[in-house]
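The values are calculated or read from the model by the stated rules, or taken from the named source; none is laboratory data. As the structure is a prediction and not an experimental result, all values here were calculated from the model. Heads up, the Cβs are rebuilt from the backbone with ideal geometry, glycines too, and the neighbour counts pull from every protein chain shown. Note: accessible area is taken over every heavy atom of the protein model, side chains too, but ligands, DNA and RNA are not part of it. Shrake-Rupley method; radii C 1.70, N 1.55, O 1.52, S 1.80 Å.
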Amino acid sequence: MEKNNLYRINIDEKKLIKTKEVEFSSIGVKERYDIQEWVKGYPQILGEELLIIGKELSFFSDTRERPDLIAVDKAGNVVVIELKRDDSGSNLEWQAIKYASYLSKFSKDEVLTYFAKYRNNTNEEDTFLENEIADFIEEGSIEDLNKRQRIILVSHRFAKEVTSAVYWLIDNYKLDIKCVQVTPYHDAEHGNYYLQSTTILPVAGVENLLIGAAERTTASLAGPVKKDDVITSVCEQLFNKLGARLDFSLMPTKRSRWAGVGGSSFRYFHLWYSGDYWDNWNMSYKVWLFPEPESGVIKSVKLLFSFNEKALLINGINELKIEKISEILQKYLEENGYKAYKKTSFSGIEIRFKYDMDNLLDRLSKLITHTKPDIQAILEQ
């Protein structure tokens with residue numbers, strides 16, 4: 001395999017300064033206590049958005065084997081993530097295939113129980129974790145959770161036995177498996193360490209061969225999503241009308257693609273902003289609509305703002321800033337009839353009221369106007 005190169009740019013002197021590729025072992029990085037934690041905290045290093053739902057949990061019958069990490073992708077597929085430090089070894093793909101086969105037998109409820117165990121949340125009546133996954137999924141619905149399984153192998157270097165087997169599985173059996181190379185570098189001049197991640201398999205040609213199959217899978221999941229139904233239309237109207245109520249600088253730049261399905265009782269539509277700390281589930285303004293089961297007529301709506309304290313801490317927001325955000329929300333809560341919203345690591349405020357579009361627009365625009373600037377100022381301090 002061709003040796004990797006990473007250069008630091010010196011703009012003033014118009015130079016490229018080469019950094020040195022090193023071994024994880026030589027700088028004291030451990031597979032379990034370092035690399036695993038990096039991937040858990042920043043799964044985007046694997047080249048896509050993933051929601052981690054398990055870490056080294058033994059949840060299989062007849063075996064005590066423990067997958068490194070388990071995740072859900074944007075299509076609701078369950079993803080097995082297997083990690084090695086400096087060399088993949090010759091049986092890495094076999095380990096992952098075994099775990100994927102075990103997980104293929106899991107029902108939606110069993111996957112949710114696995115997630116609850118990981119989050120140390122065993123309240124079976126609490127639909128919070130189910131809603132978190134439902135909101136994360138963009139292709140399909142929560143009812144399609146774990147229809148397919150995927151594999152991601154992560155290592156500094158991959159043995160030829162592994163890459164040969166992976167290529168064969170992709171090319172001949174269209175197995176959804178990829179190899180992500182993570183390479184550490186050291187900049188001796190500044191004393192800094194860098195990590196570069198690269199997907200080495202599937203290569204571009206193989207991805208092109210797989211596009212058709214991926215499109216067919218997405219189409220088969222389209223039914224339960226309710227992308228074009230009446231409630232999604234209401235949410236689109238809400239977003240469009242909100243633009244006339246808010247200053248341009250306060251208008252959310254991102255939103256749910258359609259009204260998601262929150263279990264059997266409600267639909268949800270989330271609004272948030274581009275930036276490091278805002279996220280569809282982790283920190284956003286949320287509109288939950290409660291329709292009648294038979295007619296689909298919206299009877300009530302819940303308006304929320306919540307943030308994931310754990311996610312903010314991982315991304316560099318300290319506890320003092322989190323406390324300041326909580327104080328802003330507490331003040332708004334007291335002045336506007338909201339109540340505290342608290343679920344696991346999520347905090348925020350919420351209010352439920354009879355549905356009326358104008359009332360919803362008034363409340364939502366007021367909530368954004370009176371909280372977003374102050375929250376953003378704290379995040380940028």
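Here is a yes/no grid of residues against (1) open to solvent by 40 Å² or more (accessible area, probe 1.4 Å); (2) modelled with pLDDT under 85; (3) out of contact with any Leu (no Cβ under 9 Å at 6 or more places or on another chain); (4) within 22 Å of Arg32 (Cβ to Cβ):
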position: Tyr102; (1), (2), (3), (4): yes, no, yes, yes
position: Phe115; (1), (2), (3), (4): no, no, no, yes
position: Glu125; (1), (2), (3), (4): yes, yes, yes, no
position: Glu132; (1), (2), (3), (4): no, no, no, no
position: Phe136; (1), (2), (3), (4): no, no, no, no
position: Gly140; (1), (2), (3), (4): no, yes, no, no
position: Lys147; (1), (2), (3), (4): yes, no, no, no
position: Leu153; (1), (2), (3), (4): no, no, no, yes
position: Arg157; (1), (2), (3), (4): yes, no, yes, yes
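Name every residue in the range 9-50 that is within 26 Å of Asn315 (Cα to Cα) and open to solvent by 100 Å² or more (accessible area, probe 1.4 Å), in order of residue number.
Scanning the range 9-50 gives Ile9, Lys30, Arg32, Tyr33, Gln44, Glu49.
State which residue is nearest to Asn77 (Cα to Cα) when the search covers only the range 148-169 and only residues that are under 25 Å from the mean Cα position of the chain (by Cα) and not in a strand (DSSP E or B).
Arg148
Conditions (1) within 23 Å of Ala244 (Cα to Cα); (2) touching a residue at least 60 places away in the same chain (Cβ under 8 Å); (3) open to solvent by less than 10 Å² (accessible area, probe 1.4 Å), marked per residue:
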residue: Ala259; (1), (2), (3): yes, no, yes
residue: Asp279; (1), (2), (3): no, no, no
residue: Trp288; (1), (2), (3): yes, no, no
residue: Lys299; (1), (2), (3): no, no, no
residue: Ser306; (1), (2), (3): no, no, yes
residue: Lys321; (1), (2), (3): no, yes, no
residue: Glu334; (1), (2), (3): no, no, no
residue: Glu350; (1), (2), (3): no, no, no
residue: Lys354; (1), (2), (3): yes, no, no
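Considering only the range 370-379, I want to know if a residue exists there that is hydroxyl-bearing (Ser, Thr, Tyr) and open to solvent by less than 30 Å² (accessible area, probe 1.4 Å).
For the range 370-379, residues hydroxyl-bearing (Ser, Thr, Tyr) and open to solvent by less than 30 Å² (accessible area, probe 1.4 Å): present.
Could we say that Ser365 is polar (S, T, N, Q), within 20 Å of Cys235 (Cα to Cα) and modelled with pLDDT of 90 or more here?
yes
Would you mind stating whether Phe59 is modelled with pLDDT under 90 and of a type outside the set (Gly, Ala, Ser)?
Considered against the rule, which asks whether it is modelled with pLDDT under 90 and of a type outside the set (Gly, Ala, Ser), Phe59 comes out as yes.
May I ask you to list pairs of residues, at least six apart or on different chains, whose Cβ atoms are under 7 Å apart, with the first in the range 134-163 being touching a residue at least 24 places away in the same chain (Cβ under 8 Å) and under 17 Å from Glu49 (Cβ atoms) and the second being in a strand (DSSP E or B) and of a type in the set (Gly, Ala, Ser)?
Ala134/Gly260; Ala134/Gly262; Asp135/Gly260
Here's a check for you: in the range 78-98, which residue that is closer than 20 Å to Lys147 by Cβ and open to solvent by less than 10 Å² (accessible area, probe 1.4 Å) is modelled with the lowest pLDDT?
Ranking the qualifying residues of the range 78-98, first place goes to Ala96.
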